[in-house]
Amino acid sequence: MAMPEASRPAGGPRLSQLAPLLALLLLAGCAGAPVVREHTTALPPWEVAETRLGGWAAEQAEAHPGQSGLALLANGLDAFAVRGLLTARAERRLDIQTYLMGDGLTTWVLLARVLDAAERGVEVRLLIDDIGAVGQGQRLAALDSHPNLQVRVYHPLPVGRAHLATRVLATIPVLPRHHRRMHNKLWIADNALAIAGGRNLGDEYYSAGEPRNFADLDLLALGAVVEPLSMSFDLYWNHGLAQPVGRYHRVDADAWRVLRDELATRLDEESDSDYFQALRERHEERDRQRLVDALHWGQAEALWDPPGKPAWRGRPALAETMAGQLWARVVPEARLSLVSAYFVPTAEGSRVLQGLAESGIAVEVVTNSLEATDVAVVHGAYMPHRRALLESGVALFELRAEHAIGEGVAMGMPGTSASALHIKALAVDDDIVFVGSANADPRSVWWNSELGVLAESEGLAREFRELVEEGASPEMSYRVTLDEGRLGWEMHHDDETVRLAREPGGLWRHTNAWLSRLLRLERWL
């Protein structure tokens, strides 16, 4: 409503006069610098063959023509050690794609190693979603200042880049487009080995977080599937939505040297920490033996959303999305196991799962409990679907926030831990596994871009099943039950089965979940 003329302060500027001034203030200092944006592509096969990683991968694949070697990375220390080893052994090219980049010990180590690689002549391409660059522009620009290291931000906004609060304010006028993000995760060394999955860069993804960590999962791949994964990176890297960070943040030409020294100081201060010691031991163990304990060989297919998806108007057709490609290939005959950090099946997806269960297919879902999730509003959108799913025979397991499993390791977590699930994976029957960046929710289907690997391998599927069984165990998760129309949450405590009648989680979490349902946020989650 317009302010009455008589109510305006005498001599004060009108809102229409202030708007251009405010826009200029926001844009001040943020105008894009004249930075060259070169089109680059992955290493060609003959250059890959000349590298040590390429030669090793070729030797491994020689007895498996046309197939891919695959290994699950469930343990956080393993996932970190393998990334570190691939970075240390890369000779020509290192391609990294991520949604978020935290500021902690594991990120410092990886960035220090990336700078070391660039110093010895490795060409590094780092692609990060612009949300992940909020508040980190100077550090990313410092990395970009190295002659062998390029950093690009995906779907960037030129304003509000210093803090999350200002970024949110700057996003409001363009929310229909800028709530869509690049959620892909990839780590490719010399176009010979690749890691795809759910892990971003940050301590909580590598069992170094406080007060809790994420149970997450990656897939290490070599062989035939690496080339299409690398192609996906090239498509995103060269897309118009990927812009050089130097267009938004300016630093001195030798800023990377300052960053290198800062990282060295930080790491020296942490060198005696328990995590650093455990990390060194795991790194040395992998370095002496091999990257992973065993490779499973089979057919594998890389799936990804079109790189322009975050800028599309409206909701795309399902067939145009990675989720549509995946679902067209997933036809369970006996069993479907779904593990998703954020599980929002919607009415349509719920009907599909119910239909599968009612047809005799064993359907199980492992997701976060309300007390464990880091986004309670997402859990609120999942809650209304539980009753119908349970009535049809779908088994629901919700990861507990606190769990104890003795001295073992389950879902990548240490024996006793506060944790949240971050895995995005599924298994079909006894031989199909998908590991990627996509959750089972509308955001992953319609709004964000995603990537993953669909593999056919009985050995890999068996290993994944064991992981799911551990995660769904009553020591790790609640089993959601339905008794005379009332939901319950079963778990083991002190070697006894305990059934809770009220959903675990504090008042604040319950309130957020309730608001999610009240405001009907499901389609945005």
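Please treat every number below as a calculation from the coordinates, not as lab data. What you see is a predicted model, and the numbers here were worked out from it, not measured in a lab. With ideal geometry, Cβ positions are generated from the backbone for all residues, glycine too; neighbour counts draw on all protein chains shown.
Remark: the stretch 42-54, residue by residue, has Karplus-estimated 3J(HN,Hα) of 5, 4, x, x, 5, 7, 4, 5, 7, 8, 5, 5, x Hz, where x stands for each Gly or Pro and the curve is 6.51 cos²θ - 1.76 cosθ + 1.60 at θ = phi - 60°. Derived scalar couplings between HN and Hα for the stretch 275-282 equal 5, 4, 5, 4, 5, 4, 4, 5 Hz in order, rounded to whole Hz, by the Karplus curve 6.51 cos²θ - 1.76 cosθ + 1.60 (θ = phi - 60°), x for Gly and Pro.
Placing a label point 7 Å from the Cα of E50 along the Cα-to-Cβ direction, the residues of the stretch 121-145 whose backbone N falls under 18 Å from that point are 121-124.
Counting neighbouring beta carbons within 10 Å and listing from fewest to most, the residues M322, M383, M101, M182 come out as M383, M101, M322, M182. Volume per residue of the convex hull around the Cα atoms, evaluated for the stretch 197-319, comes out as 217 Å³. Between H493 and V352, the contour length at 0.36 nm per residue exceeds the alpha carbon distance by 47.3 nm.
Taking amide hydrogens as placed 1.01 Å from N in the peptide plane, the amide H of A362 sits under 5 Å from those of R335, L336, each at least 5 positions away in sequence or on another chain. The radius of gyration of the Cα set in the chain, together with its Dmax, comes out at 23.9, 85 angstrom.
Computed from the Kirkwood radius of its Cα pairs, the Stokes-Einstein diffusion coefficient for the stretch 315-524 at 25 °C and 0.890 mPa s stands at 140 µm²/s. Distances between placed amide hydrogens fall under 5 Å for R212 paired with no residue 5 or more residues away or on another chain. For G223, the residues whose modelled amide H falls within less than 5 Å of its own, excluding neighbours fewer than 5 places apart on the same chain, are G69.
Taking every DSSP helix (H) stretch of at least 4 residues in the chain, weighting each as -39,500 (n - 2.57) and dividing the sum by the residue count yields a mean residue ellipticity at 222 nm of -10500 deg cm²/dmol. Note that the stretch 437-453 has calculated 3J(HN,Hα) couplings of 9, 8, 7, 8, 8, x, 4, 5, 6, 9, 10, 7, 8, 9, 8, x, 10 Hz, one per residue in order, obtained from phi through the Karplus relation 6.51 cos²θ - 1.76 cosθ + 1.60 (θ = phi - 60°); glycine and proline are x.
Compared with the direct C-alpha span, the chain from D261 to A501 gains 80.9 nm at full extension, assuming 0.36 nm per residue. Counting beta carbons within 10 Å around each of H379, H179, H422 and listing the fewest first gives the order H179, H422, H379.
Model label points for L318 and A278, set 7 angstrom from Cα along the Cα-to-Cβ axis, are 4.2 nm apart.
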